[in-house]
Amino acid sequence: MANVIRRQTPAARLGRGLLYGVLILAALFYILPLVVMLMTSVKPLSEISAGSLLSFPQNPTFAPWTKAWGEACTGMRCDGVGGYFWNSFAIVIPAVLISTTIGALNGYALTKWRFKGSELVFALMLFGCFIPFQVVLLPMAQTLGWLGISSSRAGLILVHVVFGIAFTTLFFRNFYVGIPNELVSAAKLDGAGFFRIFWRILLPVSAPIIVVSVIWQFTQIWNDFLFGVAFSAHNTQPVTVALNNLVNTSTGVREYNVDMAAAMIAALPTLVVYVLAGKYFVRGLTAGSVKG
């Protein structure tokens, strides 16, 4: 069968060119703030005062990054954002792992071990996705006080796990709906129990949705400011709170290069996650969008 070569008309080529042009302009528009931040963070303060916002650095220096990491003032203390950076990791990693694990088990139970009222339970959990954070500040603060973990990393981890479960359950439930029930039924006939079926059948095919859950939770928790400022003490504050304190602390001359370097440090983990795993995030979402 002969190959048919379709030639694009001039109108089609023009339309495609306009489309690419619009997409390139949109990409430049969204990346411009990041470029400005990066260039400003490596400029000496004298260049920032004398040059324009979009001018390239003439004498690049990483001194602002060093100061932002270990010397910049974040309120009453001048020890940079480095310690708070690691605080964020100490909060994010366990919160992501716990919320993802619970969400996977919830999604598995709601789809493969249905019980009377399971749809109502899922609807109530889904309702948690739409509760404004401000509404629960006082009840959550009281609960953390009762548990004796207020102003601690454990308290912040608990807060993020509780608020993340609704989203992770939604992700895994929609993904597991697309897995044939016959696989689970056959395993039950062979004597496999709840956790064995999950470990041997569901978990091996869950990699796409696990990536979605991890990326979602990581970015949500890392970028959180409200819970961090409300439920933490000075030594347990995440990097977002430290960044806010740094920008709003005045010790004389405003050091915009240090502010921008601190902002880049705070944003770096989420940028790395999306650059390295962004395509898997989209694949995971589409993999769980067939049924639901």
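The values are calculated or read from the model by the stated rules, or taken from the named source; none is laboratory data. Given the structure is predicted, the values throughout are model-derived calculations rather than measurements. Methodologically, a virtual Cβ is constructed for each residue, glycine included, from the backbone with ideal geometry; neighbour enumeration extends over all protein chains shown. Note: accessible area is taken over every heavy atom of the protein model, side chains too, but ligands, DNA and RNA are not part of it. Shrake-Rupley method; radii C 1.70, N 1.55, O 1.52, S 1.80 Å.
Observations on the structure shown:
Every residue, every condition in (1) more than 15 Å from Asp224 (Cβ to Cβ); (2) among the acidic types (Asp, Glu); (3) touching a helix residue (DSSP H, G or I) at 6+ places or on another chain (Cβ under 8 Å), yes or no:
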{"position": "Lys116", "(1), (2), (3)": "yes, no, no"}
{"position": "Gly128", "(1), (2), (3)": "yes, no, yes"}
{"position": "Met140", "(1), (2), (3)": "no, no, yes"}
{"position": "Phe175", "(1), (2), (3)": "yes, no, yes"}
{"position": "Ala187", "(1), (2), (3)": "yes, no, yes"}
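- Selected residue [within 15 Å of Val247 (Cα to Cα) and more than 26 Å from the chain's Cα centre (by Cα)] from Gly51, Gly75: Gly75
- If you check Gly292, Gly284 for being modelled with pLDDT under 75 and open to solvent by less than 20 Å² (accessible area, probe 1.4 Å), only one passes: Gly284.
- Residues within the range 202-217 that are hydrophobic (A, V, I, L, M, F, W, C) and in contact with a Lys or Arg (Cβ under 9 Å, 6 or more places away or on another chain), tallied: 3
- Which listed residue is of a type outside the set (A, V, I, L, M, F, W, C), assigned by TED's automatic domain parsing to the domain that holds Val273, outside any helix (DSSP H, G or I) and surrounded by 15 or more Cβ atoms within 10 Å (Cβ to Cβ), from Ser213, Ser150: Ser150
- Extreme residue, nearest to Gly164 (Cα to Cα), among residues of the range 225-235 that are assigned to a helix (DSSP H, G or I) and modelled with pLDDT of 90 or more: Phe227
- The range 159-193 - residue that is open to solvent by less than 40 Å² (accessible area, probe 1.4 Å) and assigned to a loop (DSSP other than H, G, I, E, B) and, of those, nearest to Ile149 (Cα to Cα): Gly193
- Taking each residue of the range 236-250 that is free of Cβ contacts under 8 Å to residues at least 24 places away in the same chain and looking for partners that are among the β-branched types (Val, Ile, Thr) and open to solvent by 30 Å² or more (accessible area, probe 1.4 Å) with beta-carbon atoms closer than 8 Å, six or more apart or interchain, yields Asn244/Val229.
- Any pair with Cβ under 9 angstrom, 6 or more apart, that starts in the range 205-224 at a residue that is farther than 15 Å from Ile165 by Cβ and ends at one that is assigned to a loop (DSSP other than H, G, I, E, B) and at pLDDT 90 or above: Trp222/Pro238; Asp224/Pro238
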